[in-house]
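These notes are about the structure you will find just below.
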Amino acid sequence: MAQADDILDRISAIAGEWKLANLRPQIIACRELMQRHNGIDVAVFGRFKAGKSSFLNHLAGRAVLPIGVVPLTAVITRLRFGETDRAQVRFLNGTTETIPPGDIGLYVGENENPNNQKQVAAVEVELPELKLFAPLQFVDTPGLGSAFAHNTEVALNWLPKVGAALVAVSSDAPLSERDLELLGELRRHTPKIVLLLTKADLLTEPQRAEVMEFVATQLRQKCNGELPVFFYSVKPELAAMKSALLAKLLQPLLQHRTEAGQQILRHKLAALRNQTLDYLRVALAAATQAESARQALCERLDEERRQFGLFREEVQVLAREWSAKALNESLERLQPVQRALQAKVTNELQAQFVQWQLRLPRLLEAWRELLQLFLARELSAVSHEQRPLFCEPAQKAGAHFARTVRAFQDRLAGHVKAALDVSLSPREFNLEVREPSAPPVDVAFAFDAAFSLVGWLIPLTWFRSPIERNLLRKARYEVEKHLSRLAADWRDRVGVVITELRQQTEDAARNELEVLEQMLAQTASQAPRLCEQIAELEKMPVA
């Protein structure tokens, strides 16, 4: 699109003239796409454990991205071809650092970089093995909704920058509501979307056919259309799946990357142009229609402004409800884990009791040491393995908040339609779901000090059986207590995230109201200028 630069410059100028600052992310995304010179970002999205990193490692033919480490620090990782192995860390302050590719996990992993304490903006990796795909870039995102978690403008505006999108969904848990919401959000930013059903080896051939039919039905019913769907597995016996993906998706994308890049750019420019037109049409209608129509909308917006406190109270109630659910739901769903750990610690202690021929004080010390090591080891594993469970309330709260804000925006659009007969397309609204870092596992328990002091006087041969039974009972209690404490620590951290989501929801609703109020303030003297710019935008060759 030879005129793309001029078109974008003009849309940007119009948006700046009318102070449409909320369009800036899309403007930046379009400009960066034009500067990429046939390079297309193929971004891989997906829930935690959807197999995103495993897929990219398999595609590259080597283990580059950490597996089993949850990259939830809002660190975007780009992989592309390079003549030699090279990895570069870009920090939020603009500095860079070259690192060995093997050290990537130190910057993108939650364990080594909790809550992005190292202030990493992105990690860029170059590998000779990716020569087949040059100049495509593959982007590993930190997880569903988490790609925008750090507080820089680049991250907040990253979703509009997506070129082609691969949405990874585990074959044994296809298409959650969050997956469908993500597909809907991506449709606003790119026409190139593919659904990747990973871990296909978990299913038999008949099961894959059943899943494919289910997915196709869901896409038709809830996404108003169909998307390319591919099964994928990293297992050698299913290598044909990788070959099919290369032949049907990546190789055509490479061969026609210029056309694909232009299609993606046209899609983004059209969305940007249409959003700009929406606002200008509202401004023109307010400036030229009868005062009664303008006054009617003004009154409705004034009422929304007066009632905004109720909106804030609504989202605050939602935040409190989801925060309260975080602990109760976790404890309830952790019951099988608790019973398994209690059985495991019982077995380990019973095995040791046979070997421990100790006086009572030493027996208590040995019991305490074993239990402390057991709890530290097992609770750390639970914290890691059950992370999706602990973080689920934040994801659900985010989806609930998103629906709330969209309902508010729809109501405003209804006011505009009723008063000025101008239709508004759905606004873009992407919540920053910052999944929290894991809390530290803190093991602390006490035993009766007086009992320990007089233990030297107690003939253990007389009381060994009741003492061991008591120690087993207390060990099971300590498992329950520390598991509850871990869940409570997660609840506190998830609560902070939910509070952040609540604030974003309030800000998004307030911003939409303020933009419409600003457009409503335009006067008849500005009508010629608005008409001129609307006509100019309508004629732009972006479709």
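The values are calculated or read from the model by the stated rules, or taken from the named source; none is laboratory data. Keep in mind it's a predicted model, so treat the numbers as computed, not measured. Heads up, the Cβs are rebuilt from the backbone with ideal geometry, glycines too, and the neighbour counts pull from every protein chain shown.
Where strands (runs of 3 or more DSSP E) sit wholly within the range 30-126, those with at least 1 residues that are under 28 Å from Tyr232 (Cβ atoms) and modelled with pLDDT of 80 or more occupy 41-46, 76-81, 86-91. Leu537 falls short on exactly one of the conditions (1) outside any helix (DSSP H, G or I); (2) modelled with pLDDT of 85 or more, and that condition is (1).
Across the range 223-240, the number of residues qualifying as touching an Asp or Glu at 6+ places or on another chain (Cβ under 9 Å) and surrounded by 12 or more Cβ atoms within 10 Å (Cβ to Cβ) comes to 4. No other residue among Leu203, Leu186 is closer than 19 Å to Gly46 by Cβ and without any contact (Cβ under 8 Å) to a residue 40 or more places away in the chain apart from Leu203.
Going through (1) in contact (Cβ under 8 Å) with a residue 24 or more places away in the chain; (2) more than 30 Å from Arg312 (Cβ to Cβ) one by one, Ala509 falls short only on (2). For the range 414-435, check the following and say yes or no: at least one residue is closer than 30 Å to Ser176 by Cα, at pLDDT below 70, surrounded by 14 or more Cβ atoms within 10 Å (Cβ to Cβ) and touching a Cys at 6+ places or on another chain (Cβ under 7 Å). Yes - at least one qualifying residue is present in the range 414-435.
Of the residues in the range 257-270, at least one is modelled with pLDDT of 85 or more and buried (at least 20 other Cβ atoms within 10 Å of the Cβ).
Among the conditions (1) outside the structural domain of Ile11 (by TED's automatic domain parsing); (2) touching a residue at least 12 places away in the same chain (Cβ under 8 Å), the only one that Glu299 does not satisfy is (2). Once the range 228-241 is narrowed to residues that are in a helix (DSSP H, G or I) and touching a helix residue (DSSP H, G or I) at 6+ places or on another chain (Cβ under 7 Å), the residue that is nearest to Pro191 (Cα to Cα) is Met241.
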